[in-house]
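Only the coordinates and a few stated rules stand behind these numbers; no lab work does. Just so it is clear, the model here is predicted, and its values are computed rather than measured. Cβ: placed from backbone, ideal geometry, glycine included. Neighbour counts: every protein chain shown.
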């Protein structure tokens, strides 16, 4: 298996945006020192949930302070950008990083973000699909034209070209719907997915649906297997001396992230039918025991830390084995969230690298200069 680290640059009241970004950069350098395969950078706008508003700009700086770790976006929100500009800037990052870029892309979901850019959230799927078409055309063809609903382009010739041949790997964030899985499979692109309540069974179902979509699109089982092998899931993690301590220590920070991410959703959104019923009949809330079926505002820190990877190194390893058995081959690990003290984050990263990862890969090994207590 391959392991990456996720860097959201959250800035709760205890951190300024500058402090949050600086902390993420230190953790990115540590991730490379510890031998992680990749670091993944997010993009959001107008929120302390993520103060990096341009994942590719951040990636260009990460390329300068690292030398071997792969640099991924998780994700670049395509509908918020001109696709030719995305292709150009991603190309530059690929060159600056000596071919280390992984371009994760997504549709976005924040009504606030779309409104501020003068865009309709409801049209994001169409805009995303056309934008992705253009990015891939820009990389695959020396010159191209495009006549679409949102963009009309004539005789575009991208210069310079990406360092990677034919272009950096592109991955698509997927919420899990069959329609989206089929669309991604038909493009022959790998997946990225994860949520607060992701379990191995969900992973197995999504991979099965993805393979079915790939088959319907004419891909061979071997070809679909390659794409699954290049796909990534994302999980929160915290390692401590006991499972109870890991959940207790990380719970408040996990809850902060959970709350902030759902504040970005359109007003009135609710994840399940049961939560809608409970909103009308508050007494019904106590009948909903499955955290994944609760309204997001009713989810507790204990709910959140009963999922993901929280516990001792042995606990974490056993859970990773379950995800591996379900078909996961690559995991993006979110070590720091909600303003968690950096010492806690770094200690957890180091314990994972030295006490968990060696059972799954020979690539991830700590180097002496990473230290053991800082």
Less than 20 Å from a label point 7 Å out along the Cα-to-Cβ axis of residue 154: which backbone N atoms in the range 71-87 qualify, by residue? 83-85
Its Cα gyration tensor gives the range 100-143 an equivalent ellipsoid whose semi-axes in whole Å, largest first, are 24, 13, 8
Quick check: the distance between the Cα centres of the range 183-251 and the range 46-71, to the nearest angstrom? 23 Å
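Let me make sure I get this right: for the range 1-152, a, b and c are the square roots of the gyration tensor eigenvalues over alpha carbons, sorted descending. Under 1.5 in a/c it's rounded, otherwise prolate if a/b > b/c, else oblate. Which is it?
Values: a/c = 2.43, a/b = 1.30, b/c = 1.87.
Because a/c hits 1.5 or more and a/b fails to exceed b/c, the range 1-152 counts as oblate.
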The range 75-151: Rg to Rh, with Rh as the Kirkwood radius over Cα pairs: 0.99
Placing one identical point scatterer on every Cα of the range 29-95 and ignoring solvent, what is log10 I(q)/I(0) from the Debye formula at q = 0.17, 0.22, 0.23 Å⁻¹? -0.62, -0.95, -1.02
Going by a ≥ b ≥ c, the root eigenvalues of the Cα gyration tensor, does the chain fall in the rounded group (a/c under 1.5), the prolate group (a/b larger than b/c) or the oblate group? rounded
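From Cα pairs below 8 angstrom and at least 6 apart in sequence, can you work out the relative contact order of the chain, rounded to a whole percent?
Values: 675 pairs, mean separation 72.5, N = 374.
Answer for the chain is 19 percent.
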Across every pair of different alpha-carbon atoms, what Kirkwood hydrodynamic radius in Å does the range 140-262 reach? 17.7 Å
Per-residue [θ]222 nm for the chain (sum of -39500 (n - 2.57) over DSSP H runs n ≥ 4, rounded to 500): -13000 deg cm²/dmol
Cβ-based exposure ranking for 298, 120, 94, in which fewest neighbours within 10 Å come first: 120, 298, 94
Quote the relative contact order of the range 168-264 in percent (integer), defining contacts as alpha-carbon pairs under 8 Å separated by 6+ residues. 28 percent
Ratio of the Cα radius of gyration of the range 181-248 to 2.2 N^0.38 Å, where N counts its residues: 1.41
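Tell me the volume per residue, in Å³, of the convex hull enclosing the alpha carbons of the range 1-67. Before the final figure, lay out the partial values.
Working: hull volume 5.8 nm³, N = 67.
Taking the convex hull of the Cα positions in the range 1-67, it is 87 Å³ per residue.
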Would you compute, for the Cα atoms of the range 62-204, the largest minus smallest coordinate along each principal axis and list the three values in descending order, in whole Å? 42, 39, 31
